[in-house]
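Single-structure report; data block below.
The values are calculated or read from the model by the stated rules, or taken from the named source; none is laboratory data. Not measured: the values here are computed from a predicted model. A quick note on method: Cβ atoms are made from the backbone with ideal geometry, for glycine too, and the neighbour counts reach across all protein chains shown. Surface accessibility is based on the protein's heavy atoms, side chains included, excluding ligands, DNA and RNA. Shrake-Rupley method; radii C 1.70, N 1.55, O 1.52, S 1.80 Å.
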Amino acid sequence: YYLQHLIKDYNDSIKTPYPTIKWGIYLGTSLTKFSSARNNLYYSNILYPYISNITLGIFLDIPIACSSLSFHSEVYFRKNALYIPFENNNKNYDLIINNSSIYFPIALRYSFLKIKTNPFIQIGPNYSFAIKNEGTLYEYTTEENNTFINIVNSPILQTQMYGYNISLGFMPHYSSKMFFFSEIRYEYLCNFNSTNKLLNSKNLTLNLGLTY
């Protein structure tokens, strides 16, 4: 099927790259924002800021039946650090997060091969595992000029989180086997355990990388 289209494109003088297995590395800058369930006693009233961080990853892209569709898998690393002081019910709190995670997204990618800039779109599930998961909510109470510190909840993020990711990007065609690509990605990872009332996370990432 693809060979017929390849011959037709050749006869019509249309340069369409042949789908091949690709791998590459990338570096990205991300904005992360945490969120909680609306009925959470402590976390729902916090104004969470956006956290800037760095993403470093590798990927493998395998065409499906020599078509514009491909199976796309990645492994990348990201670190999040956050400190938020806040008040709730006339008490003072400190929320501290220091998290380093490895992410394992997989996706179905569709590439527009006949366009020179080779735009693509992909969507799929995502899974993260925290190799460092330090997070604590401290509560401060004052009685007779004495301040007492109580640990309300620890950790703040679940060690294993699940969600999805959606990406849009460009992988221009070059004569060389090595070329650059750019991508913007949105991902959402949530806490599925309703009993421990931990936080969810949203990420918006701009990735730049090399493909071989």
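Key figures for this structure:
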item	result
Filter result (touching a Gly at 6+ places or on another chain (Cβ under 6 Å), more than 30 Å from Ile121 (Cβ to Cβ) and open to solvent by less than 20 Å² (accessible area, probe 1.4 Å)) within region 134-177	Ile156
In region 1-40, residue modelled with the lowest pLDDT [restricted to those that are among the aromatic types (Phe, Trp, Tyr) and open to solvent by 50 Å² or more (accessible area, probe 1.4 Å)]	Tyr1
Test: residue in region 124-137 that is among the acidic types (Asp, Glu), closer than 27 Å to Met161 by Cα and in contact (Cβ under 8 Å) with a residue 40 or more places away in the chain	no
Segments classed as strands (runs of 3 or more DSSP E), wholly inside region 97-183, with at least 2 members that are within 30 Å of Ser67 (Cα to Cα)	106-111, 119-143, 160-170
Condition met for Phe104 (under 13 Å from the mean Cα position of the chain (by Cα), within 26 Å of Tyr127 (Cβ to Cβ) and not small (Gly, Ala, Ser))	yes
Only one of Asn88, Asn126 that is surrounded by 16 or more Cβ atoms within 10 Å (Cβ to Cβ) and either touching a Leu at 6+ places or on another chain (Cβ under 8 Å) or within 21 Å of Ile149 (Cβ to Cβ) (or both)	Asn126
